[in-house]
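Visitor: Provided herewith is a single structure, encoded as structure tokens, for subsequent inquiry.
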Amino acid sequence: MLRIGLLTSGGDCQALNATMRGIVKTIYRNAKEPVEVYGFEDGYQGLIYERFRLMDNRDFSGLLTVGGTILGTSRTPFKLLDTPESDGINKVEAMKHTYAKLKLDCLFMLGGNGSTKTANRLSEEGLNVIALPKTIDNDTWGTDLTFGFASSVEVATRCIDEIHTTANSHGRVFVIEIMGHKVGWIPLYAGVAGGADVILIPEIPYDMDNVCRVIEERDKAGSRFTIVVVAEGAISKEEAALSKKEYKKLVAARTSPSIAYDIAAEIDRRTGREIRVAIPGHTQRGGDPDAQDRIFATQCGVEAALGCLEGEFGFMVAQRKGKMCRVPLKEVAGKLKLVDPKSDLVREARALGISFGDE
């Protein structure tokens, strides 16, 4: 009997179900023995508290095009992993106990950076774990792509597209806030795809003088509107010069809803232009996966399942230079993949005239 466990951890995204479908279909088709599948509810919480469902191949039929996760998800912060739950339970020991009780041969974990760190910890504790790179932010180290990213970019791009017509009609400056606390992959890709005039991302600190200069130059050139795409974690050159502690204190003291409102208010103060803020928010995580995500999620699921059947564990499935591969968890855990300010896409965006606010 081959017994496997599945859980989806952290933020949701559009291709979680498609990935689990890939795992389960491959396992059932290629296993040389009977299979039992245990789906843990709400991420690591299900593993901690023994909340699971005994499932089979039929439960994963028809999920390729369905967004979200049929298992539910939640966040179990890695930095609190060794802090007992409110009821005193030891998280790591509880997860090990559930794994042993069900006599699992492998645990498949679909999650992002924090979740992958926990997966690595469980691997170090002796569990057979395989991680799959889920995050709309595309910031997981060791892989060129994560599932959820392409669909999120599609949603964000549609938002920018639809703002263009109202911005042009009213002659307004629109500040559109796109998800990305620590990295700027989604605002960069969606900003280029959506024809933004300014893109502000965490990796390239901006100067408001430069942002306002772009708006004024467009006014003089006869452009009725300006689209400013802002990552949630966009940071000014002044803020970038602060210590980590000072910056956290500054963010904690912020009274506006988000950075987009601060930037909009500053543009208004400096230029006198009519400003509007648009925030697509969690729509960027929602809806059904696009074609690219369906394909990549399926590839990840198949590759993970084949690894399990071959008896290989302690890795994360990845794609590098178009090739699927397996990266040791210890090489991935705790690392963040940032946008390279000198990357081809940034260079090409600058050549088009897109400003990143730094010059």
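The values are calculated or read from the model by the stated rules, or taken from the named source; none is laboratory data. None of the values given here were measured: they were computed from a predicted structure. Counting neighbours? That spans all protein chains shown, and the Cβs are built from the backbone with ideal geometry, glycine included. These accessible areas exclude ligands, DNA and RNA; they are computed on the full protein's heavy atoms, side chains included. Shrake-Rupley method; radii C 1.70, N 1.55, O 1.52, S 1.80 Å.
Visitor: With contacts defined as alpha carbon pairs under 8 Å and 6 or more residues apart, what's the relative contact order of the chain in percent?
Guide: Relative contact order comes out at 24 percent.
Visitor: Another question, then. Whose amide H sits under 5 Å from the amide H of GLU36, counting only residues 5 or more places off or on another chain, with H placed in the peptide plane?
Guide: Placed amide hydrogens put LEU2, ARG3, ILE4 under 5 Å from GLU36.
Visitor: With a 1.4 Å probe and all protein chains in place, put THR83, THR69 in order of accessible area, largest first. Provide the component values of the computation, followed by the final result.
Guide: On the way: THR83 65, THR69 30 Å².
Putting THR83, THR69 in descending order of accessible area: THR83, THR69.
Visitor: Heavy atoms only, probe 1.4 Å: what % of the accessible area of the stretch 185-281 goes to carbon and sulfur, would you let me know?
Guide: 51
Visitor: Something else now. Excluding ASN113 itself, calculate the net charge of residues whose Cβ lies under 11 Å from the Cβ of ASN113, where each Lys or Arg counts +1 and each Asp or Glu counts -1.
Guide: +3
Visitor: Assigning unit charges at the beta carbon (Lys, Arg +1; Asp, Glu -1) and nothing else, what dipole magnitude in debye, to the nearest 20, does the stretch 103-213 show about its Cα centre? Working shown, then result.
Guide: Numbers: 8 positive and 14 negative charges, 48 e Å.
For this selection, approximately 240 debye.
Visitor: Separate question: Hey, which of these cross-link pairs are over 23 Å Cα-Cα: LYS249/LYS342; LYS134/LYS335; LYS245/LYS330; LYS117/LYS182; LYS237/LYS337?
Guide: From the list (LYS249/LYS342; LYS134/LYS335; LYS245/LYS330; LYS117/LYS182; LYS237/LYS337), the Cα-Cα distance tops 23 Å for LYS249/LYS342; LYS245/LYS330.
Visitor: Which whole-number percent gives the relative contact order of the stretch 1-78, counting Cα pairs below 8 Å spaced six or more residues apart? Intermediate values should be presented prior to the final figure.
Guide: On the way: 146 pairs, mean separation 36.1, N = 78.
For the stretch 1-78, the relative contact order is 46 percent.
Visitor: With a 10 Å cut-off between alpha carbons and a GNM built on the chain, which of GLY195, GLY39, GLY301 moves the most?
Guide: GLY195
Visitor: Just from its helices, what would the mean residue ellipticity at 222 nm be for the chain, if runs of 4 or more DSSP H residues each count -39500 (n - 2.57) and the sum is divided by every residue, rounded to the nearest 500 deg cm²/dmol?
Guide: Roughly -12500 deg cm²/dmol at 222 nm, from the helical runs in the chain.
Visitor: Sticking with this one: Which value, in Å², gives the accessible area per residue of the chain when a 1.4 Å probe is used on the protein heavy atoms?
Guide: So the chain comes to 44 Å² accessible per residue, rounded to a whole number.
Visitor: Then there's this: Just from the alpha-carbon atoms, what are the Rg and Dmax of the stretch 152-224 in angstroms?
Guide: 12.6, 35
Visitor: Further, regarding this structure: For the stretch 1-110, with all protein chains present and a 1.4 Å probe, just round the carbon and sulfur fraction of the accessible area to a whole percent. Don't jump to the answer; show the numbers that get you there.
Guide: Working: 2320 of 4800 Å².
Looking at the stretch 1-110 in its full context, I get 48 percent from C and S.
Visitor: Also, quick follow-up: Can you list residues from other chains, or at least 5 along the same chain, whose modelled amide H is less than 5 Å from the amide H of GLU203?
Guide: Amide H neighbours of GLU203, under 5 Å, 5+ apart: GLY184.
Visitor: Of ALA234, ILE70, ILE89, which is farthest along the charge dipole of the chain in the positive direction, counting Lys and Arg as +1 and Asp and Glu as -1 at C-beta?
Guide: In the chain, that residue is ILE89.
Visitor: Turning to a different aspect of this structure: Largest first, what is the accessible-area ranking of LYS330, LYS103 with a 1.4 Å probe?
Guide: Solvent-accessible surface, decreasing: LYS330, LYS103.
Visitor: Ok, one more. Cut-off 10 angstrom, C-alpha nodes, Gaussian network model of the chain. Which of CYS212, CYS106, CYS308 fluctuates the most?
Guide: CYS212
Visitor: Out of PHE108, GLY353, ASN30, whose Cα points farthest toward the positive end of the dipole of the chain (charges: +1 Lys, Arg; -1 Asp, Glu; placed on Cβ)?
Guide: ASN30
Visitor: If one computes P(r) from the Cα atoms of the stretch 160-281, what percent of pairs lie at distances over 25 Å? Numbers along the way, then the final one.
Guide: Values: 1359 of 7381 pairs.
Result: 18 percent of Cα pairs exceed 25 Å.
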